[in-house]
Every structure is written in C-alpha cells, then in structure tokens.
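All remarks here apply to the structure that follows.
The values are calculated or read from the model by the stated rules, or taken from the named source; none is laboratory data. Bear in mind that the values here come from a model prediction, so they are computed numbers and not experimental data. Cβ placement follows ideal geometry from the backbone for every residue including glycine, while neighbour counts extend to all protein chains displayed.
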Amino acid sequence: MTTTSSTSSSSTSTTTSTTATTATTATASTASVNASAAQQLLSSLNSGSGVDTSSLVTSLVNAQFADKVAALKAKSDALTAKISDAATLKGQISDFAGALESLVKGGTLVSQPASSNTGVLNVTPLVGAKLNGLSGSITVSQLASAQTAVSTTALASRNAAVGTGQITLTLGTATYNADGSMASFTAGSGTPATITIDSSNNSLTELAASINKAAIGVTASVVTDVDGSAYLSLKGATGAAQAFTLTATTDDDGTLSAFNVGPGAGMKIASPAQNAKLTLDGVAVERTGNSITDLVQGLQIDLAGTSTTPVTLSSTTPTTALNNAANDFVDTYNQVFAALQAQVDPITGDLRADPAAQSLYSMMRGLTTRSLISNPAPGAPSTLADLGITTNRDGSLSVDATKLTNAITSNPAGVEAIFAYATIGSDGLNAAMQSIKSSAISTVYGLGASAVTYTNAQSDIATQQDDLTAKQQQMSDRLTQQFAAMNAKVAAYKSTQAYMTQQIAMWTKSGNG
C-alpha cells in the first residue's frame with residue numbers, strides 16, 4: 001500500500017511539473033513569435049522594402065490561438081482514446097461471455113448419455129440437462145410411422161388428365177389388414193378438406209398441388225417410373241391419429257375415384273399410421289414420433305429399430321472436456337483481464353477514472369470467490385476456487401490441476417453444475433458471466449453509457465474547435481485589413497519621399513549651375 005501511494009504521489013508531482021513546463025514553454029514560444037513578428041514589421045518599415053503580410057498574419061494568429069488549439073486537440077485525442085478503449089473492452093467481454101455460453105450450451109460439459117444398442121435407439125443430452133448417474137432400461141416393440149398411399153393406375157405423364165369433381169381429405173385413426181390395406185377408419189375431430197377439381201386443375205401435377213394447398217397435413221407428390229409413367233403419392237404425418245382417407249365425393253366421369261384412399265379403395269397403402277411403442281423400466285408408453293424428448297428428463301431419445309432385448313441407458317462424466325473447459329476459461333480470462341487492467345491502470349490507463357471500467361474490474365477480480373451455486377450439497381463445489389482456480393497477486397488466474405481433477409472425480413455432478421447452461425439469475429459460471437457482460441455493456445450504467453458520455457463530450461469539443469476556427473479567421477481578416485491599410489500608407493509615404501528627393505536633387509543641381 002505504501003509503495004502504491006508513493007508512486008501515485010510521484011506521478012502526480014511529475015504530471016504537475018510537466019504541465020507547468022509545457023505552459024511555460026508555450027508562453028515563451030508565443031512571446032518569441034510576437035517579438036519576431038514585430039521585429040519583421042519594424043525592419044520592413046525601416047528598410048522601406050514592404051511587409052509580407054500573409055506570413056505575418058498567419059504567425060500572429062497562430063501565436064494568439066496556439067495554446068487553445070493545442071488544449072482542445074489534447075482533449076479530443078483523449079476522448080477518442082477513451083471511446084476506442086471502451087468499445088474494445090465491450091467487445092472483449094462480450095466475446096468472452098459469448099464463447100463460454102456457446103460451450104456450455106453445446107452440452108459437452110455435462111454427463112454424456114450412452115445407449116447399449118445404437119441400432120435400436122440413440123440418445124443425446126438436451127440443453128441444460130443434468131444426466132449424472134443416468135440409468136434406465138428401454139424395450140422398443142414398434143416404430144412410429146406415417147401412412148403413405150400410392151395410386152395403382154399408371155398415367156402417361158405428369159400432365160395427364162385425372163377427371164373432374166370433388167375430393168375430400170379426412171384425418172383420423174385406422175386399422176390395417178395383414179396385407180397392409182386399410183381395414184377400418186374413424187374420423188377425427190378436425191374438419192375435412194374438400195377440394196374441387198375442374199378444368200383449371202385436372203392434371204395429375206395440379207391435383208397434387210391442390211391437395212398440398214389444402215394444408216391439412218397430407219403431402220402429395222407425383223412419382224414417375226423408368227418408363228415415364230406417373231403415379232400419385234400421398235403421405236401423412238407420423239402417429240396413429242394421422243391416418244387419412246381420400247374420397248371422390250363427386251366424380252363427373254368416374255376417373256377421380258381411382259385416387260380414393262380408405263377401406264376397399266383403389267390406392268395402395270404402403271405404410272400405416274402408427275405410434276411408437278416402447279417400455280421404460282417396465283412401463284409401457286406410446287409416442288407419435290420416433291424422436292422423443294419427454295420420456296427421460298434432459299434426454300432426447302431417437303428410435304432406430306425394434307428389439308425384444310432391453311436397451312440399457314447410462315452416462316459418463318466428461319472428465320477431459322471439463323478439464324479443458326476450466327483451462328480454456330482461465331486462459332481467456334487472463335487475456336481479457338490483462339487488457340482491462342491496462343485500461344484502469346491508475347497512472348497510464350485511459351479509463352482509470354471511468355466508473356464502469358472500475359466496476360467491471362471489481363466484478364472480474366471477485367469471480368473466483370463468487371458463489372456460483374445456491375444451496376450447494378454438503379461437500380459440493382460452489383466457487384471456482386473450489387475447483388482449484390485461484391487469483392494470483394497480479395489479478396490473473398491459475399489452475400491447480402490436481403485439485404481440479406480431484407473435484408471432477410469426487411463430485412462430478414457438482415462440477416457439472418458449475419459449467420451447466422443457465423441464464424442470468426440462475427446458478428452456474430455462465431449465468432455469472434452473462435451478468436457481468438450485461439452490466440459491462442449497459443447503456444445506462446456500463447461501458448455503453450461511458451461511450452455515450454465520451455461521444456457527447458467529443459461533440460462539444462468539436463463545436464468549440466469550430467468556434468475557435470471562426471475566431472481565428474476573424475482575427476486573420478482584421479489583421480489583413482489593417483496591414484493592407486498600412487501598406488497603402490507606406491506606399492504613399494514612399495511616393496512622396498521619392499518626389500521630394502527628386503525635387504531636392506533638381507534644386508541642388510539648379511543652384512550649382
């Protein structure tokens with residue numbers, strides 16, 4: 001503390017001395033310029049050689065305003081530096097927080113789920129998942145599928161006519177025969193879609209487009225084989241409740257009914273509408289799709305096949321990823337903190353008097369001892385220091401590799417909680433960094449507000465510089481007019497002097513004669 005105070009006092013004394021010396025030098029320089037200008041004027045008048053008013057006026061004006069011009073430029077340069085430094089710090093802290101958020105949001109720092117048979121199902125963690133200690137047994141007996149239907153009558157081309165009339169699409173549930181054909185259909189609660197087919201849309205391509213335009217949940221397309229023959233293909237959404245029928249309710253020439261879908265209809269059912277069926281730890285469940293996110297908390301299960309043998313779920317701690325994350329965090333922190341420390345240096349820092357920069361400095365300094373977990377379990381880590389990340393005397397961070405490894409090994413769930421994805425106001429390192437970032441870039445009290453203040457101040461300086469330039473021009477104009485009048489008088493005096501000299505010479509010559 002004593003060393004710091006002495007250094008500060010010495011710096012203040014040096015700064016005061018430098019300022020005084022600069023002021024004395026500027027005053028002496030101004031006096032020298034004025035004396036030189038006066039001597040030039042007197043010399044020119046005495047010699048009768050005329051006065052270089054252009055350079056004389058410039059010298060006098062520059063001498064008059066030199067101190068003010070220099071002072072305003074110094075203020076403007078200082079503000080420019082502060083604006084640039086504030087923007088740089090904002091960018092650095094934003095990039096730091098953003099990189100950390102992307103890392104924790106990616107899900108690689110939490111326990112990774114594993115499936116004992118990826119041919120039956122695959123598992124991935126959801127954002128914010130806590131899967132430490134995951135276990136479970138799943139048997140998949142049926143995959144979810146969507147009903148598809150293909151016309152059996154080949155048409156010559158995509159543009160072949162299909163007849164006219166009206167068709168109705170209805171969604172519901174269905175049962176299917178062993179050969180895949182629809183055995184029965186029960187309409188759902190939704191409103192069927194009725195589509196009119198007339199001369200404006202009675203080609204196979206236009207029929208498919210009209211079905212798609214109805215937007216009922218059935219997608220139509222035209223498929224052609226190697227011979228160029230065209231067929232209508234219909235596909236619904238996955239799930240048992242997404243079965244559909246298509247009925248030609250009005251068939252003007254008896255051809256639209258070839259595209260009927262339903263019990264005893266002409267189009268062939270290629271796959272049924274059905275739910276996925278599985279058991280989790282002996283409990284039977286069904287889902288409308290094969291990608292399931294609401295069965296095991298924090299886990300996405302993607303079904304790929306069926307099996308009578310249960311698939312075991314487990315998890316592994318990402319030891320290497322957590323170690324790398326801790327070390328990468330420290331490396332990035334040290335880079336950002338070094339830049340911040342340089343800007344708030346009490347002697348040389350451009351932002352040493354900036355409250356937002358000082359606040360950011362304090363928040364960063366206190367990060368290692370800040371509690372990141374509310375109500376931690378007994379023995380569980382809650383601060384970076386608990387993980388072996390500590391603050392050095394110079395403010396930089398360092399990692400105790402042994403302590404970090406021990407923390408991950410003995411309490412993986414606690415370490416994962418610190419590196420878990422969370423937003424501001426929640427637990428975890430990411431939430432803390434997002435809070436620091438929010439404060440730092442705030443346009444109310446952060447570096448954003450500082451930048452606005454500095455920009456406004458620089459605008460005021462620019463106005464003062466414009467006013468000073470105008471005053472310089474006014475003085476230049478006034479002096480130019482004064483010296484022009486003086487030159488005119490001197491010229492008149494010289495003319496009179498020449499005339500009188502000539503007359504005297506003539507009188508003298510005449511007297512001698």
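Hey, can you tell me all the residues within segment 432-441 that are closer than 19 Å to ARG370 by Cβ and in contact (Cβ under 8 Å) with a residue 60 or more places away in the chain?
Taking segment 432-441 as the starting set, the residues that turn out to be closer than 19 Å to ARG370 by Cβ are 432-440.
If the condition is that a residue be closer than 19 Å to ARG370 by Cβ and in contact (Cβ under 8 Å) with a residue 60 or more places away in the chain, then ALA432, MET433, GLN434, ILE436, LYS437, SER439, ALA440 are the ones that fit.
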For this session: Take segment 214-226 and flag every residue that is loosely packed, with under 13 Cβ neighbours inside 10 Å and either without any contact (Cβ under 8 Å) to a residue 40 or more places away in the chain or at positive phi (or both).
Result: ALA215, VAL226
For this session: Output the qualifying pairs, or none if there are none: Cβ atoms under 9 angstrom, residues six or more apart or on different chains, first residue in segment 489-512 and surrounded by 10 or more Cβ atoms within 10 Å (Cβ to Cβ), second residue in a helix (DSSP H, G or I).
Result: VAL490/SER44; VAL490/LEU45
Exercise. Hey, does segment 164-178 have a residue that's outside any strand (DSSP E or B) and free of Cβ contacts under 8 Å to residues at least 40 places away in the same chain?
Worked result: yes
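Part of a strand (DSSP E or B) and either buried (at least 20 other Cβ atoms within 10 Å of the Cβ) or of a type in the set (Ser, Thr, Tyr) (or both), is that true of THR249?
Yes, satisfied.
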Exercise. For ALA440, are the conditions met, namely being over 24 Å from PRO318 (Cα atoms), among the aliphatic types (A, V, I, L, M) and surrounded by 22 or more Cβ atoms within 10 Å (Cβ to Cβ)?
Worked result: yes
Exercise. For segment 198-212, does any single residue satisfy the condition of being under 15 Å from ALA248 (Cα atoms), of a type in the set (A, V, I, L, M, F, W, C), part of a strand (DSSP E or B) and not assigned by the TED database to the domain that holds VAL120?
Worked result: no
Seminar exercise, completed: Of (1) assigned to a loop (DSSP other than H, G, I, E, B); (2) of a type in the set (Asp, Glu); (3) modelled with pLDDT of 95 or more, ASP350 satisfies every one except (3)
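Limited to segment 392-448, what total is found for residues that are on the phi < 0 side of the Ramachandran plot and not in a helix (DSSP H, G or I)? Steps first, answer last, please.
Restricting attention to segment 392-448, the residues satisfying the condition of being on the phi < 0 side of the Ramachandran plot are 392-394, 396-424, 426-427, 429-448.
If we keep only those that are not in a helix (DSSP H, G or I) too, we end up with 392-394, 396-400, 411, 419-424, 426-427, 442-446.
Total meeting the criteria: 22.
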Exercise. For segment 60-86, how many residues meet the condition of being within 29 Å of GLN343 (Cβ to Cβ), among the polar types (S, T, N, Q) and out of contact with any Phe, Trp or Tyr (no Cβ under 9 Å at 6 or more places or on another chain)?
Worked result: 2
Exercise. Failed condition for ILE418, given (1) buried (at least 21 other Cβ atoms within 10 Å of the Cβ); (2) touching a residue at least 60 places away in the same chain (Cβ under 8 Å), with all others met?
Worked result: (2)
Exercise. Quick check: is even one residue across segment 272-281 on the phi > 0 side of the Ramachandran plot, surrounded by fewer than 19 Cβ atoms within 10 Å (Cβ to Cβ) and modelled with pLDDT of 95 or more?
Worked result: yes
For this session: Starting from segment 133-146, keep only residues that are in the same structural domain as GLU286 (by the TED database) and under 22 Å from THR317 (Cβ atoms), then list their pairs with residues that are of a type in the set (S, T, N, Q) and in a loop (DSSP other than H, G, I, E, B) whose Cβ atoms are within a distance under 8 Å, requiring at least 6 positions of separation or different chains.
Result: GLY133/SER111; LEU134/SER111
